[in-house]
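The values are calculated or read from the model by the stated rules, or taken from the named source; none is laboratory data. No experiment lies behind these values; they were computed from the predicted model shown. Backbone-built Cβ (ideal geometry, glycine too); neighbour counts: all protein chains shown. Quick note on the areas: whole protein, heavy atoms, side chains included, nothing else; ligands and nucleic acids left out. Shrake-Rupley method; radii C 1.70, N 1.55, O 1.52, S 1.80 Å.
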Number of protein chains: 2
Amino acid sequence: MTRDPIRATSDDARQTARQMLAAMRHAVLAVNDPETGHPHLSKIACQIDAGGVPVALLSGLAVHSRALATDPRAALLVEAPGDRGDPMTWPRLSLQVVAQGVADPAGLRDRWLRAHPKAAVFIDLPDFRFWRLMPQAGFLNAGFGAAFRLTPADLGLS
Amino acid sequence: MTRDPIRATSDDARQTARQMLAAMRHAVLAVNDPETGHPHLSKIACQIDAGGVPVALLSGLAVHSRALATDPRAALLVEAPGDRGDPMTWPRLSLQVVAQGVADPAGLRDRWLRAHPKAAVFIDLPDFRFWRLMPQAGFLNAGFGAAFRLTPADLGLS
C-alpha cells in the first residue's frame, strides 16, 4: 500500500502560504542552466508586487539572468525560519514559476526600495532589471507529514 | 566595459567553502522535474560523508527522488546563516552536482544518525534511500562583490 504524503489543501495551508509570500524579502531561485542542463541555484532578494506576484531585481551579469533569458522556467523556495528547533520543521513554500522581464518597472521601484533600501546604490545601473516570477503551482511543507499542493488561486492569484 | 563580478579563487574562499560543507546539516536541493521541465526545489537534510561528498537520505515518495531517478543532474545550495544583519551578506555555496543512489549504505548509517538522530524513526523504511550528490562545480558568494568559482579540487574532492 502506498502512503500518500500530501494532505487535502486547507484554508490554514492557504493562509500560511500567503503570509509567507507577503513577508518574503529573500528566496532561493532555481533556473535551468542552458550550458549544462543542471538546475542552478542562487539566493536572491525577492518580494511580492501589489498584485501578490513575486518580483526580483537581478543583475544581467549573473548566471540566473542569462539562464532566464534563454528558458523562463524556474522555481522559488521561500522559507519562514524559526528562531530555534529543527530547521526541517520550519515551513517552506516551493513554487514552480515562469519568469517575465518587466518592461516598465516604474510601479515597482518605490515598493522595492522601501523593502530593500540598500538597493538604491545599484537599482539604476543599466545591467539590473526587474523580473516577475509568475507562480504556476506551489507546494507547502509545514513540517514532517504536513505537505500541501497549492494552485495560483490558493496563493491569491488569478 | 564589462565588469567581471568573479574574483580569482583564493585559499580563504576554498577554506570557507570546505568549512560550510563540513558544518552542513541541511541544504536546498534543485532537481529537473521531468513532467514540467522546470527546476523543482526542496529543503533536505544533508551532510558530507567521510570523503567530503554531500549525502542525503531521501524518501522515494517525494518529487525529488522520482526526478533524480530520471535525470541525475541537480544542484545544492548551502547557507551559513548569520545571527543578524542583511541575509544577502551571509555566505552561501551553490554546487552543481550529479546524484548517485547509494547501493551499500552501511558505512553512512551511523554517521547520519549521529548528525540526524530523529531520522531513526524512518531511516529503515523501505522507501528511504541514501544519495551521493557529487559536486561538479561550485560558486561561493561571500557577500556583495565577493564571488568565487570553485572546482571539486577546491572543495577537497578528487
For the pair A:Glu35 and B:Ala153, the simple spin-label estimate (label points 7 Å beyond Cα toward Cβ) gives in nm 1.9
P(r) histogram, all alpha-carbon pairs of the protein assembly as shown included - 10 Å bins from 0, percent: 6, 27, 37, 23, 7, 1, 0
Accessible area buried at the A-B interface, both sides summed, 1.4 Å probe (Å², nearest 100): 3300
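If you place +1 on the Cβ of every Lys and Arg, -1 on the Cβ of every Asp and Glu, and leave all else neutral, what size is the dipole of chain A about its Cα centre, to the nearest 20 Debye? If you can, show how the numbers build up before the last one.
Numbers: 17 positive and 15 negative charges, 37 e Å.
Roughly 180 debye, rounded to the nearest 20.
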Report, as an integer, the average count of C-beta atoms from other chains found within 10 Å of each Cβ along B:40-47. 6
Check each residue of segment B:57-84 and keep those whose accessible area, probe 1.4 Å, is at least 20 Å² smaller with all protein chains in place than in the chain alone; give them in order of residue number. B:Leu61, B:Arg73, B:Ala75, B:Leu77, B:Glu79
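Over all pairs of distinct alpha carbons, what does the Kirkwood formula give as the hydrodynamic radius of segment B:22-110, in Å?
Numbers: mean 1/r = 0.0705 Å⁻¹.
By the Kirkwood definition, the hydrodynamic radius is 14.2 Å.
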Which distance in nm do the two modelled labels at B:Val98 and A:Gln136 give, with both placed 7 Å along the Cα-to-Cβ direction? 2.7
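Just counting partner chain Cβ atoms within 10 Å, what average do the residues of peptide B:103-113 show around their Cβ? Don't skip to the end; give the middle numbers.
Values: counts 0, 0, 0, 0, 0, 0, 0, 0, 0, 0, 0.
Other-chain Cβ atoms within 10 Å of each residue's Cβ, averaged: 0.
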Compute the accessible area per residue over chain B, keeping the other protein chains in place, probe 1.4 Å, unit Å². 49
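For segment A:78-158, compute Rg over Rh where Rg is the Cα radius of gyration and Rh is the Kirkwood radius from the inverse mean 1/r over Cα pairs.
Ratio of gyration radius to Kirkwood radius for segment A:78-158: 1.07.
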For chain A, with the dipole built from +1 on Lys and Arg beta-carbon atoms and -1 on Asp and Glu ones, taken about the Cα centre, which of A:Ala75, A:Pro105, A:His26 lies farthest toward the positive end? A:His26
A 1.4 Å probe over the protein heavy atoms gives the protein assembly as shown a carbon and sulfur accessible-area percentage of 53
Please report, for B:Ser59, the nm distances (one decimal) from its label point, 7 Å out from Cα along the beta-carbon direction, to the equivalent points in the remaining copies, shortest first. 3.9
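Where does segment A:1-68 land on Rg/Rh, using Cα atoms and the Kirkwood Rh? Working shown, then result.
Working: Rg = 16.0 Å, Rh = 14.5 Å.
Using Cα coordinates only, the ratio equals 1.11.
Give the average, rounded to an integer, of partner chain Cβ atoms located within 10 angstrom of each Cβ in A:86-94. Numbers along the way, then the final one.
On the way: counts 5, 5, 8, 1, 2, 1, 4, 1, 6.
That works out to 4 on average.
Quick one: if the Förster radius is 25 Å, what FRET efficiency do A:Thr9 and A:Thr70 give, using the C-beta to C-beta distance and rounding to 0.05?
Values: r = 33 Å, r/R0 = 1.33.
Here the calculated transfer efficiency is 0.15.
Compute for chain B: radius of gyration divided by Kirkwood radius, i.e. Rg/Rh, restricted to C-alpha atoms, rounded to two decimals. Kindly include the intermediate steps, with their values, before the conclusion.
Details: Rg = 16.2 Å, Rh = 16.5 Å.
The Rg/Rh ratio comes out at 0.98.
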